[in-house]
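Notes follow the structure.
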Amino acid sequence: MLTEDKPRPYKFAEAVSDQLINSFDNLASEIMKENALSSKDKSLIALACSVAINCHYCIKAHKEHAIKAGATQQEILEAAAVAGQVRLGSTFTYASFIIEDNEE
């Protein structure tokens, strides 16, 4: 059984292979470092993606990262609102297939 001392994805990756968790950490570090986008912006994007895919564990982790990167509560709320809007748009896109089915 999994204990709660490490995030679940890390426990799974470690169970598969020590090299896998190291590769995951290296990839995450490379993607999230300052570049054209700030770490704060990247953290807000990650948080919004987590909201859009309904991942409770991801939301918690990325919210913490966003706060550590200097995001305000308002920035966090707006990022989540953008995610909701994107999710709504994709829902409407898939719902449009109902119309196509009726047109045949």
**Asked** Looking at the chain, which Cys residues are left with no other cysteine's beta carbon under 4.7 Å from theirs?
**Response** CYS49
**Message:** Please compute the length gained on full extension between THR72 and VAL16, using 0.36 nm multiplied by the number of residues separating them and subtracting their Cα-Cα distance.
**Reply:** 16.5 nm
**Fill in**
Contact order relative to length for the chain, counting C-alpha pairs under 8 Å separated by 6 or more residues, stands in percent at 21 percent
**Prompt:** Two-decimal Rg/Rh of the chain from alpha-carbon positions, Kirkwood Rh?
**Reply:** 1.11
**Prompt:** How large is ³J(HN,Hα), in whole Hz, for each residue of segment 24-29 in order, when computed from phi with the Karplus curve 6.51 cos²θ - 1.76 cosθ + 1.60 and θ = phi - 60°, using x for Gly and Pro?
**Reply:** 4, 4, 5, 4, 4, 4
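The numbers here are math on the coordinates, done by the rules we state, and not lab data. The model shown is predicted, which means the values in this text are computed figures rather than measured ones. For neighbour counting, all protein chains shown are included, and Cβ atoms are generated from backbone atoms with ideal geometry for every residue, glycine included.
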